[in-house]
Amino acid sequence: MGKVLIIGAGGVGTVVVNKVAQNNRIFTDIMLASRTKSKCDVVAEDVKRRTGVTIKTAQVDADSVPELVKLFNKFKPELVINVALPYQDLTIMDACLECGVNYLDTANYEPKDEAKFEYKWQWAYRDRFREAGLTAILGCGFDPGVTSIFTAFAAKHHFDEIHYLDIVDCNAGDHGKAFATNFNPEINIREVTQKGKYWEDGKWVETEPHEIHQPLTYPNIGPKESYVIYHEELESLVKNFPTIKRARFWMTFGQEYLTHLRVIQNIGMARIDEVEYNGQKIVPIQFLKAVLPDPGELGENYTGQTSIGCRIRGIKDGKERTYYIYNNCSHEDAYKETGAQGVSYTTGVPATIGAMMFMQGLWKKPGVFNVEEFDPDPFMEQLNKQGLPWHELFDLDLEV
Ligand code: NDP
């Protein structure tokens, strides 16, 4: 049915390639391209062994629009799944417009020299995608992605008005390393060292990093200290669900992780500007990435599970209602199925489902959209089939 090009051969890319290959009745021609072709070849070989499906591979520098255009014109994909880094979002969208290709990603654009992610850069492409008759689907990982779709599903089926939204993200896994990040260290550290921010009564409230915290109880895991941080889906959710009075995002961190993070910051290793070293210019956080464990390699010894969901309070038929929808994902099961750990899995599976929705014409309309703007139902059905089953709890104490 469709030709798909995946850009980025990291942890998330590995899962996407596995899952599109498992669904090769929908994705009939698959190519994986990245900066380092040898990494694509390793993934392609592994997927061939697991599924019997042949994956084409190619080298591309996704910072270069001409290189992307050359590749798109040669392979002629219907859809590009961008699971490279957020820095490449705009160049890939430019190339899509030039070649008439549809677009999907899992993280919003962020300039390299400023740790600030916002949708404004990608929303500025709305008219151009609409006029070209092309679809761009933004933020189709787990968070953003499934958390946004959970909210849309709650709004469609369980609430007349959503008033309070708390997205809760727990990783109770153990990878056995003193310190490692679960996805690209540069992106991850930039995200979690930012000031906190949440939405309340029509405006953003800023906090110091990790200022607000409390234990929250996660299903099958128990209580874990959880911290309010800013996360990108809040920006689009409060626009698309204007009845929301307060929206926050909570993430669990262990004490050991926070101590390492504090030291990394205090000694300047989280800096994103260039410093002179031995006559060469280096960016400390990029050097740090080179010496930290590769998140893609954490899978083999990763035990435990993730639990991510939405805790919602609002009104249905004039009565107050509370609701909790979540998925738990086992790192070990994810590794057995795809060779990648749970955080890559919970991102790559939704990206694949979003691509399925597009290929099947269910999420196909000209313009640039956040995932909560589409019908959540067919996506929710696929989550249960593709390895991320969800559960609902009603009328409970939400703790927040
Ligand atoms: P990795 O660092 O493991 O992989 C990134 C891949 O992109 C690597 O293969 C890298 O190539 C490639 N790449 C980087 N720059 C370029 C370039 N200029 N041209 C071509 N390829 C390039 O990251 P992850 O797989 O962990 O994460 C992928 C994306 O998923 C990120 O954008 C991340 O923010 C997002 N994400 C989203 C989540 C969600 O829930 N929504 C959760 C987790 C991640 P090389 O190997 O040569 O470096």
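Kindly indicate whether Ile137 is within 16 Å of the ligand (Cβ to nearest atom), touching a helix residue (DSSP H, G or I) at 6+ places or on another chain (Cβ under 7 Å) and in contact (Cβ under 8 Å) with a residue 40 or more places away in the chain. So Ile137 passes the test.
Residues of the range 363-393 that are among the charged types (D, E, K, R) and either outside any helix (DSSP H, G or I) or more than 25 Å from Thr306 (Cβ to Cβ) (or both): Lys364, Lys365, Glu373, Asp375, Glu392. Among the residues of the range 221-272, those identified as part of a loop (DSSP other than H, G, I, E, B), closer than 21 Å to Arg190 by Cβ and charged (D, E, K, R) are Glu232, Arg271.
Does Lys281 satisfy the criteria of being of a type in the set (Lys, Arg), assigned by TED's automatic domain parsing to the domain that holds Phe159, within 30 Å of Ile26 (Cα to Cα) and without any contact (Cβ under 8 Å) to a residue 40 or more places away in the chain? Considered against the rule, which asks whether it is of a type in the set (Lys, Arg), assigned by TED's automatic domain parsing to the domain that holds Phe159, within 30 Å of Ile26 (Cα to Cα) and without any contact (Cβ under 8 Å) to a residue 40 or more places away in the chain, Lys281 comes out as no.
For the range 117-130, the set of residues classified as touching a residue at least 24 places away in the same chain (Cβ under 8 Å) and out of contact with any strand residue (DSSP E or B) (no Cβ under 8 Å at 6 or more places or on another chain) consists of Phe117, Glu118, Trp121, Arg128, listed by residue number. Scanning the range 1-45 for residues that are among the hydrophobic types (A, V, I, L, M, F, W, C) and in a helix (DSSP H, G or I) gives Val12, Val15, Val16, Val17, Val20, Ala21, Cys40, Val42, Val43, Ala44.
Go through the range 142-159 and give me each residue that's in contact (Cβ under 8 Å) with a residue 24 or more places away in the chain and not small (Gly, Ala, Ser).
Listed by number, the residues that qualify are Phe142, Asp143, Pro144, Val146, Thr147, Ile149, Phe150, Thr151, Phe153, Lys156, His158, Phe159.
Does Ala21 satisfy the criteria of being modelled with pLDDT of 95 or more and within 13 Å of the ligand (Cβ to nearest atom)? Criteria not met by Ala21.
Scan the range 266-322 for residues that are within 30 Å of Lys245 (Cα to Cα), of a type in the set (A, V, I, L, M, F, W, C) and away from the ligand (no atom under 16 Å from the Cβ) and the total you get is 2. Of the residues making up the range 55-79, those that are closer than 25 Å to Asp113 by Cβ and touching a strand residue (DSSP E or B) at 6+ places or on another chain (Cβ under 6 Å) are Val60, Ala62.
The values are calculated or read from the model by the stated rules, or taken from the named source; none is laboratory data. Treat the numbers as computed from the prediction; the structure is a model and nothing was measured. With ideal geometry, Cβ positions are generated from the backbone for all residues, glycine too; neighbour counts draw on all protein chains shown.
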